[in-house]
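Step one of this worksheet: look at the structure below.
The values are calculated or read from the model by the stated rules, or taken from the named source; none is laboratory data. As the structure is a computational prediction, the values presented were derived from the model and not from experiment. Note that each Cβ is placed from the backbone with ideal geometry, even for glycine, and that neighbours are counted across all protein chains shown. Only protein heavy atoms, including side chains, enter the accessible area calculation; ligands, DNA and RNA are left aside. Shrake-Rupley method; radii C 1.70, N 1.55, O 1.52, S 1.80 Å.
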Amino acid sequence: RGVPDTNSPTLARAIENAGAVALPMGIARDSSDSLEEALARIRGASPDILLTTGGASMGAADLVKPALARAGYESDFWRVKIRPGSPFSFGRLPGPIHVFGLPGNPVSSFVTFQLLARPFLLALGGQDRRFCPVVRATAGEALTGARELAIFLRVRLDPAAARGSEGVGPAYVAHLTGPQGSGLMNSLGIADGLAVLPRGVERVETGEPVSVVLLG
């Protein structure tokens, strides 16, 4: 049984929401020939930006980086210290075509698009407001971070019981939407935003403040 393609429709909608035009180019198989054929089609379409998902980590079937290199790719960086979405890359193909290499896991792909690719699209389109809004919330339960990574947790925001009797403090309570595995789209679909635990913050206790990046 094949793996459902959730990345293409999810990213296409996110691209359109950022004011750009999505040109889905299909799925390339895990072979050098298939990837090179796909890159030839892409160059023929003359896009401003290329988004790839998957195939760019360290496994034997991760052939995207070598295929891009043969096409003249110049890398700016590969890997970022966030979770989900560490195997993210950015560079250029001749043209120039700006290339965002997104992870293959659906949640990682969406999160890295929102945080790293979407602002670039908005800037390219001349928009002044390029970043997702951030609100302060109170943690509805303990949240676990990491020493070496910035962690983005899917949360829903509950305004009902957020403020105390004096009406002060954060306007929302942030609750996890469920298990946070990078392949679990259901916990993303019901999320209002991403609770941010910066690098070095290994735990936020219940009732403590936390920043939440809103998802439009």
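Filtering the range 173-216 to residues that are in contact with a Pro (Cβ under 7 Å, 6 or more places away or on another chain), over 17 Å from residue 150 (Cα atoms) and in a loop (DSSP other than H, G, I, E, B) leaves 183, 185.
Here is a yes/no grid of residues against (1) touching a helix residue (DSSP H, G or I) at 6+ places or on another chain (Cβ under 7 Å); (2) without any contact (Cβ under 8 Å) to a residue 24 or more places away in the chain; (3) in a loop (DSSP other than H, G, I, E, B):
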position	(1), (2), (3)
10	yes, no, no
16	no, yes, no
25	yes, yes, yes
35	yes, no, no
41	no, yes, no
47	no, no, yes
51	yes, no, no
56	yes, no, yes
67	yes, no, no
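The residue of the range 124-151 that is surrounded by the fewest Cβ atoms within 10 Å (Cβ to Cβ), among those that are basic (Lys, Arg) and more than 22 Å from residue 181 (Cα to Cα), is 129.
A residue that is more than 21 Å from residue 186 (Cα to Cα), in contact (Cβ under 8 Å) with a residue 40 or more places away in the chain and over 19 Å from the mean Cα position of the chain (by Cα) occurs nowhere in the range 72-83. Of all residues in the range 93-122, those being farther than 26 Å from residue 6 by Cα and part of a helix (DSSP H, G or I) number 0.
This table checks each residue for (1) open to solvent by 70 Å² or more (accessible area, probe 1.4 Å); (2) modelled with pLDDT under 95; (3) over 28 Å from residue 152 (Cα atoms).
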| position | (1), (2), (3) |
| --- | --- |
| 9 | yes, yes, no |
| 24 | yes, yes, no |
| 28 | no, yes, yes |
| 54 | no, yes, no |
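Would you pick out the residues in the range 171-198 that are within 21 Å of residue 81 (Cα to Cα), modelled with pLDDT under 95 and open to solvent by less than 60 Å² (accessible area, probe 1.4 Å)? Selection gives 180, 181, 182, 183, 188.
The set of residues from the range 101-118 being open to solvent by less than 60 Å² (accessible area, probe 1.4 Å) and either small (Gly, Ala, Ser) or farther than 16 Å from residue 16 by Cβ (or both) comprises 101, 102, 103, 104, 106, 107, 108, 109, 111, 112, 115, 117.
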